[in-house]
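Have a look at the structure below before the remarks.
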């Protein structure tokens, strides 16, 4: 295969939401700013950085891309203290380690919740129907078949 036609190697990372979110799932955690947790987060960042990414895309709606990259610019210039959110704790750190000039905002929710969301549960979070959950999982499995993933962690 010629260099021009070589398929890219893609690494996709899924993680829990480290900070407050209006998303479907909420994860209870201990203090992620603790010395122990920060050490663990930095270890993950080091391993992800070993992949040598040429782009870093994070789960943020595209409409917030400019604001996201203002924060990223401030971070790489030492003027922004990272918030507790996987976008910042992982995404910004990996992008900076790779020397990237920006991060890319992407979010499958950009067009709304869609067919499978059934209002809110008793804790105020959105509920997803069982059949829609299966459809999402099947979609991920199909997507994973076509992606060549690097083993980093």
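The values are calculated or read from the model by the stated rules, or taken from the named source; none is laboratory data. Worth saying up front: this structure is predicted, and the values here are computed from it rather than measured. Because the Cβ atoms are built from the backbone with ideal geometry, glycine has one as well, and the counts that use them run over all protein chains shown.
One table, with the values for the structure above:
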read-out	value
Members of segment 40-63 that are within 16 Å of residue 84 (Cα to Cα) and in contact with a helix residue (DSSP H, G or I) (Cβ under 8 Å, 6 or more places away or on another chain)	41, 42, 44, 45, 58, 59, 60
Residue check, residue 84 at pLDDT below 90 and not in a helix (DSSP H, G or I)	no
